[in-house]
Amino acid sequence: MNPVAKGLQVSTPTDTTIVLTRTFQAPRRLVWEAMFTTDKMRRWMLPPPGWTMTVCVCEPRVGGVLSLAWKSDEADPVMTLKGVFTEAAPHDRITHTETMALGTGETVGSLVETHEFSERGGVTTMRITQKYESKEARDGAVASGMEQGMEAGYQKLDAVLAGG
């Protein structure tokens, strides 16, 4: 029996930090590629129903760009996520800035996000540390229910990793 935790685990170790941990039944090289290769990202990083991903740019190297955008089918709302990679050790650790904004240009939140990958017995554990500018920003992210959306995407990622 494999002692793998199911689903996204969320903790708030400091007033400005969220730590998200998730395991995947795949080698870390494959998890890394799925996380940072645009054709794979488009297969699992799905928006809520009624939304489509319109931009997916990911250059996982120091100085590389992260640019994602989603558009609602029902109205004009657009949501963007933009950042720059500041650290990149392939298959091990990567850090990027991240700013989310609405189509109006209103910034929803800014943070620094670090992904760390470890593998044991073909099972990869991904640990994401998000550092926010303030306790209020961190609390807003926690209250948004982001973990449900992230976990829904990670369940799709499970299927991509399994070849589905």
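The values are calculated or read from the model by the stated rules, or taken from the named source; none is laboratory data. Values in this document were obtained by computation on a predicted structure and should not be read as measured data. As a convention, Cβ positions derive from the backbone with ideal geometry for all residues, glycine included, and neighbour counts pool all protein chains shown.
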Total residues in the range 105-115, condition of a type in the set (D, E, K, R) and crowded, with 17+ Cβ neighbours inside 10 Å: 1
Identify, by number, the condition in (1) in contact (Cβ under 8 Å) with a residue 60 or more places away in the chain; (2) under 22 Å from Thr129 (Cα atoms); (3) loosely packed, with under 13 Cβ neighbours inside 10 Å that His91 doesn't meet. (3)
I'm checking my understanding of the structure. Among residues of the range 98-124 that are closer than 23 Å to Thr16 by Cβ and of a type in the set (Ser, Thr, Tyr), which one is modelled with the lowest pLDDT? Thr107
The range 1-56 - residue that is small (Gly, Ala, Ser) and modelled with pLDDT of 95 or more and, of those, nearest to the chain's Cα centre (by Cα): Ala34
From the option list Ala69, Ala101, Ala34, single residue qualifying as in contact with a strand residue (DSSP E or B) (Cβ under 9 Å, 6 or more places away or on another chain), of a type in the set (Gly, Ala, Ser) and touching a residue at least 24 places away in the same chain (Cβ under 8 Å) is Ala34
Out of Trp51, Trp70, which single residue is over 24 Å from Leu30 (Cα atoms) and buried (at least 17 other Cβ atoms within 10 Å of the Cβ)? Trp70
Restricting to the range 44-63, name every residue that is under 23 Å from Gly145 (Cβ atoms) and not in a strand (DSSP E or B). Trp44, Met45, Leu46, Pro47, Pro48, Pro49, Gly50
Just the residues that are among the aromatic types (Phe, Trp, Tyr) and touching a residue at least 40 places away in the same chain (Cβ under 8 Å), please, taken from the range 38-62. Trp44
For the range 64-164, list the strands (runs of 3 or more DSSP E) that sit wholly inside it and hold at least 1 residues that are farther than 17 Å from Met45 by Cα, small (Gly, Ala, Ser) and more than 13 Å from the chain's Cα centre (by Cα); which are they? 78-89, 93-102, 107-120
Among the candidates Ala141, Ala152, Ala89, residue that is out of contact with any strand residue (DSSP E or B) (no Cβ under 9 Å at 6 or more places or on another chain), among the aliphatic types (A, V, I, L, M) and under 20 Å from Pro48 (Cβ atoms): Ala152
For the range 87-97, the count of residues that are within 18 Å of Thr17 (Cα to Cα) and out of contact with any helix residue (DSSP H, G or I) (no Cβ under 8 Å at 6 or more places or on another chain) equals 4
Lys82 fails exactly one of (1) surrounded by 15 or more Cβ atoms within 10 Å (Cβ to Cβ); (2) out of contact with any Ser or Thr (no Cβ under 9 Å at 6 or more places or on another chain); (3) of a type in the set (Lys, Arg), namely (2)
Is it the case, given these coordinates, that Phe36 is in contact with a His (Cβ under 7 Å, 6 or more places away or on another chain), surrounded by 15 or more Cβ atoms within 10 Å (Cβ to Cβ) and over 20 Å from Ala143 (Cβ atoms)? no
